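Each remark here refers to the structure printed beneath this line.
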Amino acid sequence: MVDSSSLKAYFDKHPLIGGETEFIRIYKGYSADGKYIASNREGSPRYLLRTYPMEQDSGRRLEFSGLRMMEAQNVNCSRPVEIGTAPELGIGYILATYIEGNEAADELPGLSEEEQYQIGESAGLELRKITQVHCPHPLPSWEEQVTAKHRRYREKYAACGVSAYHEAELLAFIDDYFHLIKDRPNRFQHDDFHIGNLIVKDGKLAGVIDFNRYDWGDPIHEFVKVGMFSVEISVPFCIGQIQGYHRHMEPDETFWQLYSLYLAMTLVSSVVWALQYVPEELDSMLERIARVMHDHDDFRLIVPKWYSENKDKYRTVV
């Protein structure tokens, strides 16, 4: 990993971030990228600099083009400025505008329930804009992609020696509803849309960050992180995200069936992922899975209790 002083020396003559710029390392998140805030001498943030290994450059240029698509869609997110390589440092880099504020995960607990709902509502509207973008090139169908991926995870899960809470009910639900993935669209996916990747400032949504995992697929899959993570911090936010995305019309049964299917599939893959990457977090992941199973009454319910019991509390009149 390149240190801040080396970055400063390399970029000292860059027309945008040269001269008086200081680089402040960001340590949050699971990404192996180097992330730095480029600030002037007074400490005012100017840009976000992400660095990555040179061998990832072709893939990162796709990421940069994804940010360009979001800019064209007027999504409230960082604007792409420049992508390049620094061979002397062995890295590639993406330079983007910096969104000031704090993660929604940190800000939401200190706000009123109405404010939390309104931020979720704004997030849902942004997500709707994100998922309107169609894939510009041919891709395998969503059904093909999901089937292959889920098969791999089921095989690894079966061999891992760990059982999720009420495993039989979980796996039966997936098998019963799996046919619903047929003919689903391939649209732009942020693919990590949750309160850790949303920035809040002054009680408002300031923007969406971290598009480095973007993909193509069913827009409803974007809601998986609502049930997995965001609901643990703020139920009003999650209800707002769902209702904002649907323009305050109640989601139909197809939405909830697919939402629950993708969430159930994620419970299986989460066990495999935790064992492989963060085994020290396995117990907390199993507790999260048990909570999701309770939310859905072991998937006898496709609408989670946290939504059905609270959906009319915060609804904005439009």
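The values are calculated or read from the model by the stated rules, or taken from the named source; none is laboratory data. Here the structure is a predicted model, which is why all the values come from computation and not from measurement. Cβ atoms come from the backbone with ideal geometry, glycine included; neighbour counts cover every protein chain shown. Heavy atoms of the whole protein, side chains included, go into the accessibility calculation; ligands, DNA and RNA do not. Shrake-Rupley method; radii C 1.70, N 1.55, O 1.52, S 1.80 Å.
Details
- Cα-centre dipole for the chain with unit charges at Cβ (Lys and Arg positive, Asp and Glu negative), debye to 20: 720
- Inverse mean reciprocal Cα-Cα distance (Kirkwood Rh) of region 184-318, Å: 15.9
- Spatial separation of Cα centroids for region 138-196 and region 46-62, in angstrom: 29
- Residue-count net charge about Glu115 - beta-carbon cut-off 13 Å; Lys, Arg +1, Asp, Glu -1: -3
- Ordering of 90-96, 159-165 by packing [mean C-beta count within 10 Å, highest first]: 90-96, 159-165
- Applied to region 235-252, the Karplus parametrisation 6.51 cos²θ - 1.76 cosθ + 1.60 on θ = phi - 60° returns per-residue 3J(HN,Hα) values of 5, x, 4, 5, 5, x, 4, 5, 6, x, 4, 8, 6, 6, 8, 5, x, 7 Hz, with x for Gly and Pro.
- Longest exposed-site-free window of the chain, the sites being trypsin sites (Lys or Arg not before Pro) in a DSSP loop that have at most 16 other C-beta atoms within 10 Å: 42-181
- Computed lengthening from Ser5 to Ala32, 0.36 nm per intervening residue step minus Cα-Cα distance: 7.8 nm
- Rounded to 5, the percent of DSSP beta bridges in the chain classed as antiparallel: 95
- Between Asp210 and any residue 5 or more places off or on another chain, the built amide H atoms are never under 5 Å apart.
- Diffusion coefficient (Stokes-Einstein, Kirkwood radius over C-alpha pairs, 20 °C, 1.002 mPa s) for region 1-40: 202 µm²/s, rounded to a whole number.
- Compactness of the chain is given as radius of gyration and Dmax, 20.5, 61 Å, from Cα positions.
- Accessible area expressed per residue, region 82-240, with surrounding protein chains retained (probe 1.4 Å, Å²): 44
- Here the chain exposes an accessible surface that is 50 percent carbon and sulfur, computed with a 1.4 Å probe and the other protein chains kept in place.
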